[in-house]
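Here's the structure, in structure tokens; my notes come after.
The values are calculated or read from the model by the stated rules, or taken from the named source; none is laboratory data. Everything numeric here is computed off the predicted structure, so don't read it as measured data. As a convention, Cβ positions derive from the backbone with ideal geometry for all residues, glycine included, and neighbour counts pool all protein chains shown. What goes into the accessible areas is simple: the full protein's heavy atoms, side chains included, and nothing from ligands, DNA or RNA. Shrake-Rupley method; radii C 1.70, N 1.55, O 1.52, S 1.80 Å.
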Amino acid sequence: DTGVSQNPRHKITKRGQNVTFRCDPISEHNRLYWYRQTLGQGPEFLTYFQNEAQLEKSRLLSDRFSAERPKGSFSTLEIQRTEQGDSAMYLCASSFGRGNQPQHFGDGTRLSIL
Amino acid sequence: GQNIDQPTEMTATEGAIVQINCTYQTSGFNGLFWYQQHAGEAPTFLSYNVLDGLEEKGRFSSFLSRSKGYSYLLLKELQMKDSASYLCAVRPTDKLIFGTGTRLQVFP
């Protein structure tokens, strides 16, 4: 069990640029979740996949955000035309089976918008 | 609406016992999770409650009362390494709704 892996760990970019993050879940986990966390707050749900199907998206996820999990393994989260308010830690989590199994989190990608 | 409340900060002494409370109001309930998060690190799973009562796991225990919308996390024999944020999270559907977290500082 190598754990959930996220890349890059840090991303600094100028406002208006596009960014893409990658998440590799624990290998046998069929569910993959994206959350966003700002300082002093708990993680906020963004979206989740069961295998390759995107089953739910938060209203927080504007049309500038898109996530994919093309083969039901790794996932990418893209933010287009980044804004200052996008600065946050983006966390990926995965779980096996039904939702009552604990979600295991990666170390996150910290996004800073200049 | 979804609302999860927990104290912002708590302090305790090494070797003591501390109880971190969490109250919730959510549209649906399919379980409550507690996570520990050290600064700059990923949240790590501590406990899961779906039925009323106490779940014990080593030095950590978690309690749930669904009728009261209430849970607590009990940490015994506190150690310095227990200084961290403790996140209460409710699963109304398949996603988790997190509280803001309780920052616990353990002093020698």
**Q.** Residue list for segment B:81-97, restricted to those being of a type in the set (G, A, S) and part of a strand (DSSP E or B)
**A.** B:A84, B:S85, B:A89
(Q) Going by what's in this entry, would A:F45 be described as in contact with a Lys or Arg (Cβ under 9 Å, 6 or more places away or on another chain), aromatic (F, W, Y), open to solvent by 10 Å² or more (accessible area, probe 1.4 Å) and within 25 Å of B:W34 (Cα to Cα)? (A) yes
Q: Considering only segment B:63-96, state which residues are farther than 15 Å from A:P102 by Cβ and of a type in the set (V, I, T).
A: B:T93
Q) Looking only at strands (runs of 3 or more DSSP E) that fall completely inside segment B:1-72, which ones have 2 or more residues that are at pLDDT 95 or above and either open to solvent by less than 60 Å² (accessible area, probe 1.4 Å) or more than 13 Å from chain A (Cβ to nearest Cβ) (or both)? A) B:9-13, B:18-25, B:32-37, B:44-49, B:53-57, B:60-65
(Q) Between B:K76, B:K81, B:K95, which is over 26 Å from A:R36 (Cβ atoms) and either within 14 Å of chain A (Cβ to nearest Cβ) or open to solvent by less than 70 Å² (accessible area, probe 1.4 Å) (or both)? (A) B:K76
